[in-house]
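Participant: Take a look at this one; I'll ask things after.
The values are calculated or read from the model by the stated rules, or taken from the named source; none is laboratory data. Bear in mind that the values here come from a model prediction, so they are computed numbers and not experimental data. Methodologically, a virtual Cβ is constructed for each residue, glycine included, from the backbone with ideal geometry; neighbour enumeration extends over all protein chains shown.
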Amino acid sequence: MSNLKTMRSKIEEQYKQKLNRPRIVVGLGTCGIAAGGNKVMEAIKGEVANRGLDVDVDFTSCIGMCYAEPAVEIALPGSASVVYGGIYPDKVPMLIDSHVVGKKPVMDLAAIQIPGDATPYKGIAVMEKSGYYAKQVRSVTSRLGRTNPESIEDYIATGGYAGIEKALTTDRQDIINEVKQSGLRGRGGGGFPTGNKWQFVHDAVGDKKYIVCNADEGDPGAFMDRSVLEGDPHAVLEGMMIAGYAIGADEGVIYCRAEYPLAIRRLNLAIEVAEKMGLMGKNIMGSGFNFKIRIKAGAGAFVCGEETALLNSIEGQRGMPRVRPPFPAHKGLWQKPTCLNNVETFANVPFIIRNGGEWYAAMGTEKSKGSKVFCLTGKINHTGLCEVPMGITMGEILNEIAGGIKDGKKFKAVQSGGPSGGCLPTEKLDLPIDYDSLIGAGAMMGSGGLVFMDETTCMVDVARFFLNFTQLESCGKCTPCREGTKRLLETLIRITEGNGTPEDIPNMERLAKVIKSSALCALGQTAPNPVLTTLRYFRNEYEAHINDKKCPAGVCPALLSFAILKDKCIGCGVCLKACPVGAISGEKKAAHSIDASKCVKCGACAPKCKFEAIVKA
Amino acid sequence: MAVCKCTGKEVRSPQDEQLSELLDHYRGYEGALIPVLQGAQDIYGYLPEEALEKISQELKIPSSEVFGVVTFYSQFHLKPRGRNIIRVCLGTACHVLGGARIFNRLKEILGVENGGTTEDLRFTLESVACIGACGLAPCIMINEDTHGRLIPDGLDKILEQYE
């Protein structure tokens, strides 16, 4: 144990020195790389070498402002550090000229600043007070965008492995009690109290027990777990080790989807280094506790995010859910007691052990404690990752963090919880977010993907999209899900194609209730949620599709018709050229018209018209 | 593990050797099937029948079970895939403007049917419902690039860009 203590003071000293040197840091999470982060990195390295500057070039993970990628941070000793957004290689020389050489930040590119002990620059928002971060807390995401995720030294210097260090000198039951006291609930969506789950596995009889981390994040619009794995892999490993010690397991498996190659690479690297330093493996820190972790890459099946299907997949079988009970806590991986938690849950554990359960429970609402990471996507100004205390309202997230709906359009709905969740309307923007309030509203927390939609979104079409997804991903084991989702989808397609009948609505409601109450696993039981919530809050849109054969949002092609307003058309002929099927005709300088029998409703013409003469209805 | 038709002897390719090494590495490992299949697909580019048989024998898992796992996960392919994936749009707008003629011409040039892959593994040809580029109809996608306003005669030139 003394080993880590002496090591820690040395590492902390080195880290302090690192922060005292001029640094340029590039955000290289998956989002940063997709935006061209690697090219920016090359450009910066080239520029620094060419000018012979005495500056360190480092990288970090995603700070959360996906809308501002590629992001670059410049930190000069004694000055506030500035994070820039939208830095493409061509802007690098100018940025280095101005900020690194000339010591003058480039105001119009600066997104936020982190002053530390230094005086803040005027005219740049301080991170904690900036629009994107003011309502946020940064606990489980505190290292994201701040440390180098491939450096165990950065992790240790920022309090890493202090949780397991403390845990190893604590009684097992006391650790479980601490987690119970924190009120932490499963962050994968179900919201089962983590401490209780640990207690079950602790109490279960078995010669061997396992820890399994669910990193099979498959919801469209969700990337919290990816960001945590890429940005703070050691925190996940440490959380698993603490769980392992508490319940008496010596082996852990991370089931990570194969579509996350960077996360898998960083996890493997983290495991390798931690083992080398004696922080993982045999006789950890001389305590006699052994723990090893291996990674299992998924093979492309959404249902494997369901815990028992995931266990079958690790065992090398088709990823189909098992009948419960027995629950994994009693018979899990290889029929042994297994503690299965999600990435974000495990990543919270080191913080809870270090700071105490009480500290964590001080955040959040009565029944949902702590903070939650959400991914903000859809038609908003600021897409990205945010961590907020439980109990914040959806409206605060939308208007203050996400910066409101794009292009001045009106908010229509927010989809919470992916294909298993539901769509909430404007009236629910005041709802404080926690596990129970969302379920009461017909949606669910899910893993934390929030997709915001504006007035141009058709809710029937959205329900069809999600049903199409769950229907394709249904594993086929139980009839309600396999057949039920197919029939729901067929009905929705019929409605969007203008062939719906008034009986379709009550029929769908009945079928949805049957699926909910009889499907084998959570994927099936929650699959009708998008249909049920849209029927609950946007029934008028269904009725418009069925009774009036109209799509109010103008999305469903079969129910659309395009027309040219005669008084606005000047006969320029642009739309005529844009039409792929020759449905538009008219003389030059005379109003054109659309032949409805030829029109395929592709919509290519409308955006081309400069005079807003083409309308869809 | 092909068999030579002249001598009747087993011929082992470098890939077969790699598969043997992979199987040795995973011998006695619980839940080895999926990592072995992933490794085998990395080696061959897809999962040939002979490899599946060998995996079944070596891991002592019935062929039916191996096949069941392979067909359950979307990551696994039983047929070779090309280096370049061509997606031909057959959505409404493309259909009206002769998408089918483009599709037929591509089949003719490449000598494959829908879902097929050329022998040199250069191209895989697939049809899709709509790639959302109706204004450019008829159009195709090759890997990440969209090519639009196509006529059957110009297709050779486009394919030349992809090795």
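Participant: How many residues does region A:535-555 hold that are at pLDDT 95 or above and either touching a helix residue (DSSP H, G or I) at 6+ places or on another chain (Cβ under 7 Å) or outside any helix (DSSP H, G or I) (or both)?
Facilitator: Qualifying residue count for the region: 6.
Participant: Here's something else I'd like to know. Being surrounded by fewer than 20 Cβ atoms within 10 Å (Cβ to Cβ), closer than 30 Å to A:A157 by Cβ and acidic (D, E) narrows it down to one residue among A:E358, A:E396; which is it?
Facilitator: A:E358
Yes/no per residue for (1) touching a strand residue (DSSP E or B) at 6+ places or on another chain (Cβ under 9 Å); (2) of a type in the set (D, E, K, R); (3) without any contact (Cβ under 8 Å) to a residue 24 or more places away in the chain:
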position: A:I505; (1), (2), (3): no, no, no
position: A:R510; (1), (2), (3): no, yes, yes
position: A:K516; (1), (2), (3): no, yes, yes
position: A:N529; (1), (2), (3): yes, no, no
position: A:L532; (1), (2), (3): yes, no, no
position: A:Y537; (1), (2), (3): yes, no, no
position: A:E541; (1), (2), (3): no, yes, no
position: A:A544; (1), (2), (3): no, no, yes
position: A:K550; (1), (2), (3): no, yes, no
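Participant: Could you identify the single residue in A:A157, A:A204, A:A162 that is in contact with a His (Cβ under 9 Å, 6 or more places away or on another chain), surrounded by fewer than 24 Cβ atoms within 10 Å (Cβ to Cβ) and aliphatic (A, V, I, L, M)?
Facilitator: On inspection, the qualifying residue turns out to be A:A204.
Participant: Of all helices (runs of 4 or more DSSP H) completely enclosed by region B:55-118, which ones contain at least 1 residues that are among the β-branched types (V, I, T) and under 22 Å from the mean Cα position of the chain (by Cα)?
Facilitator: Details: elements: B:63-72, B:92-96, B:99-110.
By residue number, B:63-72, B:99-110.
Participant: Hey, another quick one. Just to be sure I understand the filter: pairs with C-beta atoms under 6 Å, separated by 6 or more residues or on different chains, first member in region A:64-90 and closer than 19 Å to A:P115 by Cβ, second member surrounded by fewer than 21 Cβ atoms within 10 Å (Cβ to Cβ) and of a type in the set (K, R). Which pairs pass?
Facilitator: Within 6 Å, the pairs are A:A75/A:R23.
Participant: A further question on this structure: Quick check on my filter: what residues within region A:403-420 are in a loop (DSSP other than H, G, I, E, B) and within 14 Å of the chain's Cα centre (by Cα)?
Facilitator: Residues of region A:403-420 in a loop (DSSP other than H, G, I, E, B): A:403-404, A:409-410, A:417.
A:G417 - this is the single residue of region A:403-420 that is in a loop (DSSP other than H, G, I, E, B) and within 14 Å of the chain's Cα centre (by Cα).
Participant: Now a separate question. Among the residues of region A:578-598 satisfying the criterion of being more than 10 Å from chain B (Cβ to nearest Cβ) and under 26 Å from B:L90 (Cα atoms), which is surrounded by the most Cβ atoms within 10 Å (Cβ to Cβ)?
Facilitator: Applying the filter and picking the extreme gives A:I584.
Participant: Given the residues A:G78, A:G145, which is the only one that is small (G, A, S) and surrounded by fewer than 18 Cβ atoms within 10 Å (Cβ to Cβ)?
Facilitator: Just one listed residue meets the conditions, A:G78.
Participant: Now, a different point. Hey, any hits in region A:407-418 for a residue that's outside the structural domain of A:E165 (by TED's automatic domain parsing), surrounded by fewer than 20 Cβ atoms within 10 Å (Cβ to Cβ) and within 24 Å of A:T533 (Cβ to Cβ)?
Facilitator: yes
Participant: If you take the residues in region A:565-577 that are touching a strand residue (DSSP E or B) at 6+ places or on another chain (Cβ under 7 Å) and within 21 Å of B:L136 (Cα to Cα), which one is surrounded by the most Cβ atoms within 10 Å (Cβ to Cβ)? Before you say what the answer is, go through the steps one by one.
Facilitator: If we filter region A:565-577 for residues that are touching a strand residue (DSSP E or B) at 6+ places or on another chain (Cβ under 7 Å), which is where we start, we get A:565, A:575-576.
Add one more test, that the residue is within 21 Å of B:L136 (Cα to Cα), and what stays is A:575-576.
Working: A:C575: 26, A:L576: 18.
Among those that are touching a strand residue (DSSP E or B) at 6+ places or on another chain (Cβ under 7 Å) and within 21 Å of B:L136 (Cα to Cα), it is A:C575.
Participant: Would you mention how many residues in region B:73-99 are surrounded by 15 or more Cβ atoms within 10 Å (Cβ to Cβ), out of contact with any strand residue (DSSP E or B) (no Cβ under 6 Å at 6 or more places or on another chain) and more than 13 Å from chain A (Cβ to nearest Cβ)?
Facilitator: Of the residues in that region, 1 qualify.
Participant: Okay, next question. Can you say whether A:N312 is under 30 Å from A:G131 (Cα atoms) and surrounded by fewer than 24 Cβ atoms within 10 Å (Cβ to Cβ), as far as the supplied structure shows? Walk me through it before giving the result.
Facilitator: Values: under 30 Å from A:G131 (Cα atoms): no; surrounded by fewer than 24 Cβ atoms within 10 Å (Cβ to Cβ): yes.
Criteria not met by A:N312.
Participant: Among the helices (runs of 4 or more DSSP H) lying completely within region A:287-402, list those that include at least 2 residues that are within 27 Å of A:T169 (Cα to Cα), away from every other protein chain (no Cβ under 14 Å) and in contact with an Asp or Glu (Cβ under 7 Å, 6 or more places away or on another chain).
Facilitator: Correct list: A:343-355.
Participant: Continuing with this model, one more query. Is at least one residue of region B:100-120 modelled with pLDDT under 80 and within 14 Å of chain A (Cβ to nearest Cβ)?
Facilitator: No, that holds for no residue.
Participant: Still on this model: Among helices (runs of 4 or more DSSP H) lying entirely in region A:426-507, which contain 2 or more residues that are surrounded by 16 or more Cβ atoms within 10 Å (Cβ to Cβ), touching a helix residue (DSSP H, G or I) at 6+ places or on another chain (Cβ under 6 Å) and aliphatic (A, V, I, L, M)?
Facilitator: A:459-473, A:479-496
Participant: Go through A:A71, A:A111 for me and flag whichever is under 14 Å from A:I24 (Cα atoms) and small (G, A, S).
Facilitator: A:A71 is the lone residue from the list that is under 14 Å from A:I24 (Cα atoms) and small (G, A, S).
Participant: Shifting gears a bit: Could you list, in sequence order, the residues of region B:3-48 that are in contact with a helix residue (DSSP H, G or I) (Cβ under 7 Å, 6 or more places away or on another chain) and not in a helix (DSSP H, G or I)?
Facilitator: Result: B:E30, B:G31, B:A32, B:L47.
Participant: Hey, another quick one. Out of all the residues in region A:545-603, which are out of contact with any Phe, Trp or Tyr (no Cβ under 9 Å at 6 or more places or on another chain) and of a type in the set (D, E, K, R)?
Facilitator: Matches in region A:545-603: A:D548, A:K549, A:K550, A:K566, A:D567, A:K577, A:E587, A:K588, A:K589, A:D595, A:K598.
Participant: Here is a follow-up. With the condition kept exactly as written, say whether any residue in region A:147-162 is farther than 25 Å from A:I439 by Cβ, small (G, A, S) and not in a loop (DSSP other than H, G, I, E, B).
Facilitator: The answer is yes; a qualifying residue exists.
Participant: Just need a number here: residues in region A:95-140 that are over 29 Å from A:K45 (Cβ atoms) and in a helix (DSSP H, G or I).
Facilitator: Adding up the residues that qualify gives 2.
Participant: Take region A:343-393 and flag every residue that is closer than 25 Å to A:I112 by Cβ and hydroxyl-bearing (S, T, Y).
Facilitator: A:S371, A:T377, A:T383, A:T393
Participant: Given the structure, is A:G449 outside the structural domain of A:G300 (by TED's automatic domain parsing) and either under 27 Å from A:T365 (Cα atoms) or among the basic types (K, R) (or both)? Write out each step before concluding.
Facilitator: Working: outside the structural domain of A:G300 (by TED's automatic domain parsing): yes; either under 27 Å from A:T365 (Cα atoms) or among the basic types (K, R) (or both): yes.
In short, yes.
Participant: Kindly indicate which of B:R87, B:R27, B:R83, B:R122 is in contact with an Asp or Glu (Cβ under 8 Å, 6 or more places away or on another chain), farther than 21 Å from B:D145 by Cβ and not polar (S, T, N, Q). I'd like the intermediate steps shown before the answer.
Facilitator: Numbers: B:R87 fails: farther than 21 Å from B:D145 by Cβ; B:R83 fails: farther than 21 Å from B:D145 by Cβ; B:R122 fails: farther than 21 Å from B:D145 by Cβ.
Matching residue, one of B:R87, B:R27, B:R83, B:R122: B:R27.
Participant: Same structure, new question: Condition (residue is over 22 Å from the mean Cα position of the chain (by Cα) and within 12 Å of chain B (Cβ to nearest Cβ)) applied to region A:271-282: is it met by at least one residue?
Facilitator: No, every residue in region A:271-282 fails to be over 22 Å from the mean Cα position of the chain (by Cα) and within 12 Å of chain B (Cβ to nearest Cβ).
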